[in-house]
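Note sheet for the following structure.
Any read-out appearing in this document is the output of simple, stated calculations on the displayed coordinates, not a laboratory observation. Everything quoted here is computed from the prediction, not taken from an experiment. Quick reminder, even Gly has a Cβ in these numbers, built from the backbone with ideal geometry, and neighbours come from all protein chains shown.
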Amino acid sequence: MTTLDAIPGRFAYNDDHEAFRRTVRSFLAKEGVPHVAQWEEQRLVPKYFWRAAGEVGLLCPTVPEEYGGPGLDFGYNAIVNEELTYAGVPAGFTLQSDIVAGYVEHYGSPEQKAEWLPKMVSGEIVTAIAMSEPGAGSDLQAIRTTAKKDGNHYVIDGQKTYITNGQNADLVLVVAKTDPDAQPAWKGMSIILVEATREGFRRGRKFDKIGQDAADTSELFFADVRVPMTNCLGEEGKGFVQLMSQLPQERLSIAIGGQASAQKAFDETVAFTKERKAFAGVVFDFQNTRFVLADLKTKLQVGWAHLDWAIKRHLAGDLTNEEGAAAKLWHTELQWEVMDKCLQLHGGAGYMNEYPIARSWRAARVTRIYGGTSEIMKEVIGRSL
C-alpha cells in the first residue's frame, strides 16, 4: 500500500506535524475509506462523519484554544488536506477548515467567534460560503444578491450556485450587496452569516456533476431572509476586501489537494502497469510506459518541492496573492496532466468507473475551475508583472 510517507525530502513539516499525520491517516482508513463507495452512491457524506472527525481533532486546526480549537498552524490543515485527498475521502473538510474558519477567525466579532468556532471545530455544524451566482462566477462584483437594511435587520434576497457543503450546511457565509449603488461595486459588498434555520432560506437541488459524486455541491435560495445586523461579518462594505485577503490560503489549499491527488494517481498507475499483462509481459515493460512515468515522477518531485516552499511561505505570513495563484495554477494543471496520462496507461480499464483512476480523472477536472479558473490565475499573475 502506497502512502505519502514515500515522498523523500519534504521540508514543510516538523515531527509534531508528522505525528498528527498518522492520526489523520488512521482515522480515514477506519472511518472514511470503507464507506466511500456508499457515500458516492448516496451522493452525500453524512454529518456523523463530520462529528467523528471533530472528535479526533481533524477540523479547523488553526482555531485558537479560547474558541475550542487546538490553536495550531496551517501546516496541520495542509496535512488533513493531503491525507484526505490521497485517501479519496470526499468530505468537504477543507472548505470549513481552510476557508470559512479563516473568515470567522479574522473578521468575526467576539460573540460570533464564541458562537460558531467551537461548533465548527467539533463538527457539530457544517459551514459553507456562498459567493457564485448563476450570472457571477469569477467576477464577484457582478453579484446580484442583496442584503437591505430594515430596522436592525438585513433582508436578504438572491440565489447562489455551485456551493460546496450546500445540502449539509448549518451556517452559510453569504456574499451580498449591502449597498447596491456603491461605486465601484466592490465597495458595497459584505459577508453576512445566515443560519440554515432562517425563514426564507431554501436549499435547491444538489448538482449532478461529472465527478466528485459524493461531494455536496448545491444551489441556495434566499427570499426575504431576515437576519440581525450583528450577523454581518466584520465591517459592512468590506466583504470584497476580506475575500481578496483570504485568497492566498484558499488557492494554496486547492494546490495541496491537486498535488496529493496527482501523486495518488501516479502511485496507482505504477502498480497497475506492473501487474497488467500484455504481449507475454506487463505494460510496465514497454519503454513508452517507463518514459511517461519517468516524466511524471520528475514533475511530481518538482511539485512537492514547490508546494513545501509555498506552505513554508504561508506559515511565515509571506505568501502573496500572486504566489497563491501561481501555486493553484501549476499544481492543478499538473494534476490534470498526470490524471490524463495515467488513465491512458490503464488502457480500456481506465474508462471504467470501477477503477480508481476513472473516478480520480473525473474528479480532477473541476480543480482548474473552482477557486478561480486557470485563466483567471494567469490574469492575476500577469497583472503583477
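Tabulated values for the structure
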| item | result |
| --- | --- |
| From the coordinates shown, Rg and Dmax of the Cα atoms in Å corresponds to which of [x] 21.2, 74; [y] 21.2, 79; [z] 21.1, 66 | [y] |
| FRET efficiency for ALA29 and GLU275, using Cβ-Cβ distance with R0 set to 22 Å, rounded to 0.05 | 0.45 |
| Total formal charge among the other residues, if their Cβ is under 11 angstrom from that of ILE191, Lys/Arg +1 and Asp/Glu -1 | -1 |
| Charge-dipole axis of the stretch 196-343 as Lys and Arg at +1 and Asp and Glu at -1 on Cβ define it, positive-most pick from ALA310, VAL282, LEU220 | VAL282 |
| C-alpha long axis of helix 247-275 to longest principal axis of the chain, angle in ° | 20 |
| Segment HIS153-GLU195, length gained on full extension (0.36 nm per residue, minus Cα span) | 13.7 nm |
| Cβ charges +1 (Lys, Arg) and -1 (Asp, Glu), total dipole of the stretch 133-241, debye | 60 |
| Helix axis angle, 287-315 relative to the chain longest principal axis, alpha carbon, degrees | 30 |
| The chain: most fluctuating residue of GLN38, GLN335, GLN167 per GNM, C-alpha cutoff 10 Å | GLN38 |
| P(r), alpha carbons of the stretch 251-323 - 5 Å bins starting at zero, rounded % | 3, 14, 21, 17, 13, 10, 8, 6, 4, 2, 1, 0 |
| Stretch gain in nm, segment GLN344-VAL241, where the contour uses 0.36 nm per residue and the Cα spacing is subtracted | 32.7 nm |
| Base-10 log of normalised Debye intensity for the stretch 85-127 (one unit scatterer per alpha-carbon) at q = 0.31 Å⁻¹ | -1.12 |
| Check: the chain dipole with +1 on Lys, Arg Cβ and -1 on Asp, Glu Cβ, in debye | 880 |
| Trypsin sites (Lys or Arg not before Pro) within the stretch 317-364, DSSP loop, no more than 16 other Cβ atoms inside 10 Å | none |
| Values of log10 I(q)/I(0), in the order q = 0.11, 0.15, 0.17, 0.18 Å⁻¹, for the stretch 129-236 under a Debye, Cα-only, solvent-free model | -0.32, -0.58, -0.74, -0.82 |
| Principal-axis tilt of helix 321-345 within the chain, Cα atoms, nearest 10 degrees | 40 |
| Only Lys, Arg (+1) and Asp, Glu (-1) charged, at Cβ; the stretch 269-324 dipole about Cα centre in debye | 360 |
| Spin-label model distance (nm) - LYS297 vs ALA316, 7 Å beyond Cα toward Cβ | 3.1 |
| Ellipsoid equivalent to the stretch 246-383 - semi-axes via the Cα gyration tensor, in Å | 32, 15, 11 |
| Theoretical gain in end-to-end length, LYS187 to LYS378 [0.36 nm per residue, Cα-Cα removed] | 66.3 nm |
